[in-house]
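Just below is one structure, and these are the notes that go with it.
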There are 2 protein chains.
Amino acid sequence: MTVAEFGEFALIAAVNAGREQAPGVLLGPGDDAAVVAAPTGRFVVTTDMLVQDRHFRLDWSSAYEIGRKAIAQNAADVVAMGAAPSAFVVALGCPGGTRVDFVRELADGMWAEVARSGGSIAGGDMVRSAQLVISVTAFGDPRRAPILRSTARPGDVVAVAGRLGWSAAGLAVLSAGIDPEPFANVVAAHRVPHPPYGAVLELPAAAPVSALTDVSDGLLADLGHIAQSSSVAIDLDAAVLRDPALDPVSTALDTDPLDWILTGGEDHAFAATFRDPEGIPAGWSVIGRVGAGAGVTVDGTSRPGPAGWESFASGG
Amino acid sequence: MTVAEFGEFALIAAVNAGREQAPGVLLGPGDDAAVVAAPTGRFVVTTDMLVQDRHFRLDWSSAYEIGRKAIAQNAADVVAMGAAPSAFVVALGCPGGTRVDFVRELADGMWAEVARSGGSIAGGDMVRSAQLVISVTAFGDPRRAPILRSTARPGDVVAVAGRLGWSAAGLAVLSAGIDPEPFANVVAAHRVPHPPYGAVLELPAAAPVSALTDVSDGLLADLGHIAQSSSVAIDLDAAVLRDPALDPVSTALDTDPLDWILTGGEDHAFAATFRDPEGIPAGWSVIGRVGAGAGVTVDGTSRPGPAGWESFASGG
């Protein structure tokens, strides 16, 4: 059964059947718009669009995995402001010949990730398009004053929570066409990122965090945004960034795994600066320091080549 | 200059340059997420995706017109809940060969319609895609308890504010390939809808409005949603629906203009039910009444054929 045969309204009913809305969703799907609570009198909002063959491939990822990834990358942006995800809306464009089961599994993956991050899917839109396009908008309740990118200062230390380079390594395995079985860990990480939401949401109120972002474009690129916004320089320590879990993959593909760690996006780790190295909470690892100047260096040296993902570049 | 040559970050800077955020946008573009005020402790949210060759054609509409339409159809959904638009986020997918000027004009059109409806564009995303895809999410401040579709009652009267059938007539002119010049009014209405936001936002607090929707799929389809949600029947009066402005077009195309009025979407008029015919404010015209039963009839008779737009149907 295809979505064209099934029809828009039956499909909307099918993906919403049996879902339980979060308490903050005061009015869910079915009217002209949803109504969401904003108990602090403000809300955080971010939007990301995923396009078939650009952000995912149907032969590399299941519908369920694509759904999880679409929610995770938006939830990570909300959390990167220091806010707890409260609700999501999803617009889906798909060809008329898309199987109804594919859309159901996509929705199941979305709801599974929503269960990890918090909130619920309060509404959406479904339209016909030539390729699969998923547009997610995520909302969050600020738990504290927004943690910006522009507030790092010389003397701060840089720390990360979560994996770096795993998604890029998994993508490299899939792109190389080698047997993915021995590298199931990184391939799984590419298919479904695991942003460590708790590392941010459970930060003690007194944690001396000064700037925060999620690593979606690549560590150098995303820390570059912090460096630029804050008018500071950041230097990273390559030795502490290296991850032995990536060594078997880099050996098989004869590459330097540090490239994946420094420029691979999509792991949705969190990178932060802290005013005081003594105040860094469990779950965070120090990877560098903030100084005067501009740009991001590794062991004091600028790294050649692209810092990360660029939306209109070719490839990908 | 194409977007691929220009680059994502330069493009984001270009479309945001010189824009003034609404007071309710506490933090605009540039960080992981935006922050929007919700002074009543809740917000209204809706999302709509527009796809090239499905919802617009580049040979029939300018980038500016497409931008206005994308905002208008989302703002109309916010207003149809009885809420004032406060902010928007926009995700744009476009081919790498898209001209930078096209994207600038699209953004200009969006900001022009935002100026009509209220709010500002607080953030977004830009990605590469095979066809142009515009996904808008709109937020609103509830001015009163949300005006639902499910709260019409037998005895209510049905009224509309705004144009019906103009957009469909304009589409018919463009589709027929006849000279559009004599029909510039309806062609313009197809390219840029003019939702009468004020007719809802300026409703007196005491106005006895009982249910409300915007007419986006077609009058029969959208009133059908009210009838179904409210478990009532609605009967319309064809004589008062007829619009002499459509007669020259229907004569030229040898069709019954009532089809456009009853089943044409995209004008984004507002259709409401009121408890008391005496309390209907200026700007609203009575077109029918609510009774016991189910479904929508015209002069007491069910109308054959589709009631309006269906997202996965072929054509369009």
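One line per residue, one yes/no per condition, for (1) within 27 Å of A:Val114 (Cβ to Cβ); (2) in contact with a Leu (Cβ under 7 Å, 6 or more places away or on another chain); (3) in contact (Cβ under 8 Å) with a residue 60 or more places away in the chain; (4) of a type in the set (A, V, I, L, M):
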{"position": "A:Val160", "(1), (2), (3), (4)": "yes, no, yes, yes"}
{"position": "A:Leu174", "(1), (2), (3), (4)": "yes, no, yes, yes"}
{"position": "A:Arg191", "(1), (2), (3), (4)": "yes, no, yes, no"}
{"position": "A:Pro196", "(1), (2), (3), (4)": "yes, no, yes, no"}
{"position": "A:Ser210", "(1), (2), (3), (4)": "no, no, yes, no"}
{"position": "A:Asp217", "(1), (2), (3), (4)": "yes, no, yes, no"}
_Looking at region B:166-185 only, could you name the residues that are among the acidic types (Asp, Glu) and either surrounded by 14 or more Cβ atoms within 10 Å (Cβ to Cβ) or not in a helix (DSSP H, G or I) (or both)?_
B:Asp179
*Restricting the search to region B:204-224, which residues are surrounded by fewer than 22 Cβ atoms within 10 Å (Cβ to Cβ) and under 19 Å from the mean Cα position of the chain (by Cα)?*
B:Ala221, B:Gly224
*How many residues does region B:266-312 hold that are without any contact (Cβ under 8 Å) to a residue 60 or more places away in the chain, touching a strand residue (DSSP E or B) at 6+ places or on another chain (Cβ under 8 Å) and either within 14 Å of chain A (Cβ to nearest Cβ) or on the phi > 0 side of the Ramachandran plot (or both)?*
2
_Residue check for A:Val79: under 30 Å from A:Val160 (Cα atoms) and buried (at least 24 other Cβ atoms within 10 Å of the Cβ)_ = yes
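Out of the residues in region B:198-236 meeting the condition of being in a loop (DSSP other than H, G, I, E, B) and of a type in the set (D, E, K, R), tell me which one is farthest from the other protein chains (Cβ to nearest Cβ).
We begin by selecting, within region B:198-236, every residue in a loop (DSSP other than H, G, I, E, B); these are B:202-208, B:215-218, B:231-232.
Those left that are additionally of a type in the set (D, E, K, R): B:202, B:217.
Working: B:Glu202: 18, B:Asp217: 10 Å.
The qualifying residue farthest from the other protein chains (Cβ to nearest Cβ) is B:Glu202.
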*asked:* When the residues of region B:149-159 are narrowed to those that are in a loop (DSSP other than H, G, I, E, B) and surrounded by 22 or more Cβ atoms within 10 Å (Cβ to Cβ), which ends up farthest from the other protein chains (Cβ to nearest Cβ)?
replied: B:Asp156
*Check whether at least one residue in region B:132-139 is surrounded by 24 or more Cβ atoms within 10 Å (Cβ to Cβ), among the hydroxyl-bearing types (Ser, Thr, Tyr) and out of contact with any Leu (no Cβ under 9 Å at 6 or more places or on another chain), and report yes or no.*
yes
*All but one of (1) at the interface with chain B (Cβ under 9 Å from one of its Cβ atoms); (2) more than 23 Å from B:Arg128 (Cβ to Cβ) hold for A:Glu105, so report the exception by its number.*
(1)
*Within the bounds of region A:43-63, is there any residue that is more than 20 Å from A:Ser129 (Cα to Cα), out of contact with any Ser or Thr (no Cβ under 7 Å at 6 or more places or on another chain) and of a type in the set (A, V, I, L, M)?*
yes
*Kindly establish whether A:Ala233 is surrounded by fewer than 16 Cβ atoms within 10 Å (Cβ to Cβ) and more than 20 Å from the chain's Cα centre (by Cα).*
no
*Within region A:23-56, can you find the residues that are over 21 Å from B:Met49 (Cβ atoms) and in contact with a helix residue (DSSP H, G or I) (Cβ under 8 Å, 6 or more places away or on another chain)?*
A:Val44
*Starting from residues that are modelled with pLDDT under 90 and buried (at least 17 other Cβ atoms within 10 Å of the Cβ), keep the ones in region B:288-316 and report whichever is farthest from A:Phe9 (Cα to Cα).*
B:Arg303
_Going by what's in this entry, would A:Ala130 be described as part of a loop (DSSP other than H, G, I, E, B), of a type in the set (Gly, Ala, Ser), under 25 Å from B:Asp53 (Cα atoms) and more than 16 Å from the chain's Cα centre (by Cα)?_
yes
*Picking from A:Ala282, A:Ala307, A:Ala271, which residue would you name as being outside any loop (DSSP other than H, G, I, E, B) and over 17 Å from A:Val187 (Cα atoms)?*
A:Ala271
*Every residue from region B:282-310 that is touching a Phe, Trp or Tyr at 6+ places or on another chain (Cβ under 9 Å) and not charged (D, E, K, R)*: B:Trp284, B:Val286
_Selected residue [in contact with a strand residue (DSSP E or B) (Cβ under 7 Å, 6 or more places away or on another chain), in contact (Cβ under 8 Å) with a residue 12 or more places away in the chain and under 26 Å from A:Ala176 (Cα atoms)] from A:Leu223, A:Leu203, A:Leu236, A:Leu241_ = A:Leu241
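Okay, residues lined up against (1) under 28 Å from A:Ser175 (Cβ atoms); (2) surrounded by fewer than 24 Cβ atoms within 10 Å (Cβ to Cβ); (3) in contact with a Gly (Cβ under 6 Å, 6 or more places away or on another chain); (4) modelled with pLDDT of 95 or more:
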{"site": "A:Met49", "(1), (2), (3), (4)": "yes, no, yes, yes"}
{"site": "A:Trp60", "(1), (2), (3), (4)": "yes, yes, no, no"}
{"site": "A:Gly67", "(1), (2), (3), (4)": "yes, no, yes, yes"}
{"site": "A:Ile71", "(1), (2), (3), (4)": "yes, no, no, yes"}
{"site": "A:Arg99", "(1), (2), (3), (4)": "yes, yes, no, yes"}
{"site": "A:Val103", "(1), (2), (3), (4)": "yes, yes, no, yes"}
{"site": "A:Met110", "(1), (2), (3), (4)": "yes, no, yes, yes"}
{"site": "A:Ala115", "(1), (2), (3), (4)": "no, yes, no, yes"}
*Within region B:23-32, can you find the residues that are within 26 Å of the chain's Cα centre (by Cα) and within 30 Å of A:Ala72 (Cβ to Cβ)?*
B:Gly24, B:Val25, B:Gly28, B:Pro29
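The values are calculated or read from the model by the stated rules, or taken from the named source; none is laboratory data. Remember, it's a predicted structure, so these values are computed and weren't measured experimentally. Please note: Cβ atoms are built from the backbone with ideal geometry, for glycine as well, and neighbour counts cover all protein chains shown.
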